[in-house]
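What follows is one structure encoded as structure tokens, with my remarks underneath.
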Amino acid sequence: MKLTITIFILFLTSIFGNSNSDIKIFTDKHFPPFNMEIDGKLTGLSVDILDAMLKKMNSNQSIKDALISTWSRAYALTQLKKNSVLLSTSKSSSREGLFKWVGPMFSSSIGLIALKKNNIKIKKISDINKYKIGVVLKDIGATKLYENNVSRKNMNYSKGVKAPIFSFKKLELGKIDLFSYSILPAFYEAKNNGFDINKYEVVYTFKKEKVYFAFNKQTDDKIINQWQKALDDIKKDGSFDKILKKYNV
């Protein structure tokens with residue numbers, strides 16, 4: 001009888017249990033207000049959404065299980081490791097086939113930022129080739145340039161946890177003319193690091209991209225479906241909207 005009960009419990013666990021319990025969660029902490037660290041704690045819009053989803057799935061995992069790295073490393077590791085997820089990622093045409101996707105969560109504007117005093121005007125994509133452009137390695141700002149056939153010889157790459165700040169410093173020093181990045185995180189990060197954001201402007205905006213959780217392509221579809229259902233459920237019960245309002249999105 002005890003053996004029968006044990007087998008039955010294991011059967012139920014296999015169906016309803018934590019199929020996501022072995023998911024490796026990769027993220028960075030320098031993409032405010034989506035992923036950021038405050039007082040040593042990982043927080044932000046995407047982080048809060050993930051937290052609500054894990055609770056909805058009755059997962060044994062929590063935000064504390066997230067593996068924090070540089071963006072470029074987190075992006076690369078997610079592509080290499082089965083059953084891993086990247087928090088969070090803009091889904092563009094060239095990235096679509098690289099991952100399995102859960103979402104969307106919200107939209108993000110990607111644009112070209114310049115110093116106002118330089119009076120840079122971008123009327124068409126080809127105009128971008130006149131300038132030196134700062135990008136963050138593996139970031140959507142670089143991806144949008146690739147997709148629009150902007151010359152890579154004009155791109156100046158930064159990487160590491162302070163890559164966006166390095167790019168603002170390069171703008172100040174005249175080493176680059178434009179910085180291609182997600183607009184909200186760019187200005188958020190610059191302001192928090194002492195830059196006068198009133199000195200800057202967005203001179204070109206690419207098509208908005210929706211932001212998703214990006215999973216390694218070998219991840220079981222059952223896990224993808226479970227996470228998608230959790231996201232859909234928190235949208236239905238109102239907790240998703242509360243998170244968006246918290247961050248004024």
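Brief remarks follow.
- Subset of segment 67-104 (residues that are modelled with pLDDT of 95 or more and under 22 Å from Lys242 (Cβ atoms)): Val102, Gly103, Pro104
- Qualifying residues in segment 67-105 (those that are in contact with a helix residue (DSSP H, G or I) (Cβ under 8 Å, 6 or more places away or on another chain) and assigned to a loop (DSSP other than H, G, I, E, B)) - the one surrounded by the most Cβ atoms within 10 Å (Cβ to Cβ): Phe99
- Members of segment 63-107 that are touching a strand residue (DSSP E or B) at 6+ places or on another chain (Cβ under 7 Å) and aliphatic (A, V, I, L, M): Ile63, Ala66, Leu67, Ile68, Ala74, Leu77, Val85, Leu86, Leu87, Val102, Met105
To keep it simple, each residue is scored yes or no on (1) buried (at least 17 other Cβ atoms within 10 Å of the Cβ); (2) under 20 Å from Ala66 (Cβ atoms); (3) in contact (Cβ under 8 Å) with a residue 24 or more places away in the chain.
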{"position": "Phe206", "(1), (2), (3)": "yes, no, yes"}
{"position": "Ala214", "(1), (2), (3)": "yes, yes, yes"}
{"position": "Lys217", "(1), (2), (3)": "no, no, yes"}
{"position": "Lys222", "(1), (2), (3)": "no, no, yes"}
{"position": "Gln226", "(1), (2), (3)": "yes, yes, yes"}
{"position": "Asp232", "(1), (2), (3)": "no, no, no"}
{"position": "Gly238", "(1), (2), (3)": "no, no, no"}
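- Which numbered condition Pro164 misses (of (1) buried (at least 22 other Cβ atoms within 10 Å of the Cβ); (2) modelled with pLDDT of 95 or more): (2)
- Segment 99-121: number of residues that are at positive phi and over 15 Å from the mean Cα position of the chain (by Cα): 1
- Only one entry of Ile120, Ile140 meets the criterion of being touching a residue at least 12 places away in the same chain (Cβ under 8 Å) and more than 20 Å from Lys210 (Cβ to Cβ), and that entry is Ile120.
- Qualifying residues in segment 37-52 (those that are among the hydrophobic types (A, V, I, L, M, F, W, C) and not in a helix (DSSP H, G or I)) - the one surrounded by the fewest Cβ atoms within 10 Å (Cβ to Cβ): Ile38
- In the set (1) modelled with pLDDT of 90 or more; (2) over 11 Å from the mean Cα position of the chain (by Cα), Asp22 fails one condition alone, (1).
- Residue check for Gly194: surrounded by fewer than 17 Cβ atoms within 10 Å (Cβ to Cβ), more than 19 Å from the chain's Cα centre (by Cα) and outside the structural domain of His30 (by TED's automatic domain parsing): yes
The values are calculated or read from the model by the stated rules, or taken from the named source; none is laboratory data. Fair warning: this is a prediction, and the values are worked out from it, not measured in the lab. Don't worry about glycine lacking a Cβ; one is built from the backbone with ideal geometry, like all the others, and counts go over all protein chains shown.
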